[in-house]
Amino acid sequence: MIPPWAKPAALAQNLSLFGLLLTAGCSSLPGIGQVSTPATQPAAVDDAPSQPAHPPAATLADDPWQQHYSQALDQGMAAATATQTAQSAREWRQVQGQWEGAISNLVAIPTGSELYATAQQKRQEYEANRAYAAQAAAAKTLPTATVVSVGDGDTLRVQGQDGPLTIRLACVDAPESGQSFGPEATLRLRQLLSTGQPVEVRAIERDRYDRTVAEIYSGGQSVGLQLVREGYAVVYEQYISGCAATADDYRQAESAARNARRNFWSQANPTLPWDFRRGGGPSTPTASPPAAMPAPVTSPPSAAPARLPACVSSDCDCGDFTTWEQAQAVLNAFPGDPHRLDGDSDGIACESLR
């Protein structure tokens with residue numbers, strides 16, 4: 001699935017820390033007639049030109065280049081039709097290629113042909129349309145980043161053009177690390193997004209933890225949607241408006257996973273992640289008495305800064321540590337948890353690493 005992107009005007013605003021284009025939704029580009037500047041306004045294919053678009057039949061029959069001209073007109077009509085329906089960057093690049101094919105046939109007509117003047121006029125129209133398609137394709141091309149680490153089932157760290165950034169997957173919610181299928185969701189996201197892998201990022205907003213909320217695409221596929229489809233995440237209805245154009249895809253994927261009892265949905269009475277964070281019980285009831293809440297792990301407040309990882313100078317997440325002890329040392333060294341390593345505020349950092 002190649003998703004519809006944002007309007008060019010919105011895409012030109014609100015750059016994130018690494019050039020991400022923050023958009024509130026997934027609307028399409030303005031129609032051909034809505035582009036205001038001559039440089040981007042595509043020529044109307046059926047406008048009445050100053051000279052006949054179709055030379056007299058006798059001229060076509062007598063001119064050896066009439067086949068090139070007729071083929072160009074056919075290609076132009078096909079490109080005009082595709083222009084009205086194109087949505088994704090890939091579709092706009094295909095439209096651009098169609099205009100280029102028509103132009104190449106017009107360029108082939110030599111000056112000695114009776115069709116030359118008419119072909120040049122038509123060529124100008126087609127070149128304006130080609131430029132519009134190229135602009136639309138560029139506007140819908142998402143910025144790329146490289147995966148640095150995965151923190152949990154819906155959080156990752158990427159390296160963008162301007163530095164590292166923490167991403168919270170938009171429109172989905174994965175089970176927490178201390179919840180049934182939380183560790184499995186983290187493992188699955190690490191399988192889908194390995195370190196060093198290039199991804200596309202459709203940024204939506206910043207959350208209260210200063211993370212970039214975004215849809216992540218790998219190979220043209222939404223990673224969040226795949227997690228929902230496989231039962232490793234659920235649709236976050238409270239924030240589904242950020243994926244308005246594909247909300248139905250998310251809901252259908254969740255319904256299919258629930259009906260097939262995949263992973264998280266294999267439980268008889270699963271606790272949804274947002275309920276779990278509010279103090280809900282475990283997803284799978286057990287007959288044994290609940291384990292006592294572990295006491296917060298403490299260490300001397302004067303932990304040696306030299307032993308702390310380099311990420312403390314910017315922003316750490318659980319994927320930056322190789323052991324739980326490293327994560328706990330950072331939590332202990334920075335009161336108030338500015339790196340957000342203790343999501344459930346129990347004094348224990350990055351429980352997924354234990």
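The single condition from (1) touching an Asp or Glu at 6+ places or on another chain (Cβ under 6 Å); (2) open to solvent by 50 Å² or more (accessible area, probe 1.4 Å); (3) farther than 30 Å from Val234 by Cβ that Gln98 fails is (1). Residues that are charged (D, E, K, R), in contact with a Lys or Arg (Cβ under 9 Å, 6 or more places away or on another chain) and open to solvent by 20 Å² or more (accessible area, probe 1.4 Å) are absent from the stretch 213-220.
Each row is one residue, and each column tells you yes or no for (1) without any contact (Cβ under 8 Å) to a residue 60 or more places away in the chain; (2) closer than 17 Å to Asp173 by Cβ.
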residue: Gln197; (1), (2): yes, no
residue: Gln221; (1), (2): no, no
residue: Gly242; (1), (2): no, yes
residue: Ala245; (1), (2): no, no
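Screening the stretch 92-140 for residues that are free of Cβ contacts under 8 Å to residues at least 60 places away in the same chain and of a type in the set (D, E, K, R) and picking the one that is farthest from Val201 (Cα to Cα) gives Glu114.
Here's the yes/no breakdown for (1) in a strand (DSSP E or B); (2) among the small types (Gly, Ala, Ser):
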| position | (1), (2) |
| --- | --- |
| Gln135 | no, no |
| Leu142 | no, no |
| Ala145 | yes, yes |
| Arg157 | yes, no |
| Pro175 | no, no |
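Do we find that Thr212 is under 21 Å from Ser149 (Cα atoms), among the hydroxyl-bearing types (Ser, Thr, Tyr) and touching a Leu at 6+ places or on another chain (Cβ under 9 Å) in this structure? So Thr212 fits the description; yes.
Of all residues in the stretch 262-272, those satisfying the criterion of being open to solvent by less than 50 Å² (accessible area, probe 1.4 Å) and either modelled with pLDDT under 95 or part of a loop (DSSP other than H, G, I, E, B) (or both) are Gln267, Pro270, Thr271, Leu272.
Scanning the stretch 221-261 for residues that are open to solvent by 10 Å² or more (accessible area, probe 1.4 Å) and part of a loop (DSSP other than H, G, I, E, B) yields a total of 4.
As a summary of the residue check, Tyr209 satisfies the conditions (1) assigned to a loop (DSSP other than H, G, I, E, B); (2) open to solvent by less than 60 Å² (accessible area, probe 1.4 Å); (3) not aliphatic (A, V, I, L, M) except for the one numbered (2).
Scan the stretch 129-153 for residues that are open to solvent by less than 30 Å² (accessible area, probe 1.4 Å) and either closer than 30 Å to Pro175 by Cβ or not charged (D, E, K, R) (or both) and the total you get is 14. For the stretch 101-128, give me each residue that is open to solvent by 20 Å² or more (accessible area, probe 1.4 Å) and either β-branched (Val, Ile, Thr) or touching a strand residue (DSSP E or B) at 6+ places or on another chain (Cβ under 9 Å) (or both). Of everything in the stretch 101-128, those that are open to solvent by 20 Å² or more (accessible area, probe 1.4 Å) and either β-branched (Val, Ile, Thr) or touching a strand residue (DSSP E or B) at 6+ places or on another chain (Cβ under 9 Å) (or both) turn out to be Val107, Thr111.
Scanning the stretch 287-326 for residues that are in contact with a Pro (Cβ under 9 Å, 6 or more places away or on another chain) and in a helix (DSSP H, G or I), we see that the one that is modelled with the lowest pLDDT is Val312.
The values are calculated or read from the model by the stated rules, or taken from the named source; none is laboratory data. Treat the numbers as computed from the prediction; the structure is a model and nothing was measured. We place every Cβ from the backbone using ideal geometry, glycine too, and count neighbours over all the protein chains shown. Side chains included, ligands, DNA and RNA excluded: accessible areas come from the protein's heavy atoms. Shrake-Rupley method; radii C 1.70, N 1.55, O 1.52, S 1.80 Å.
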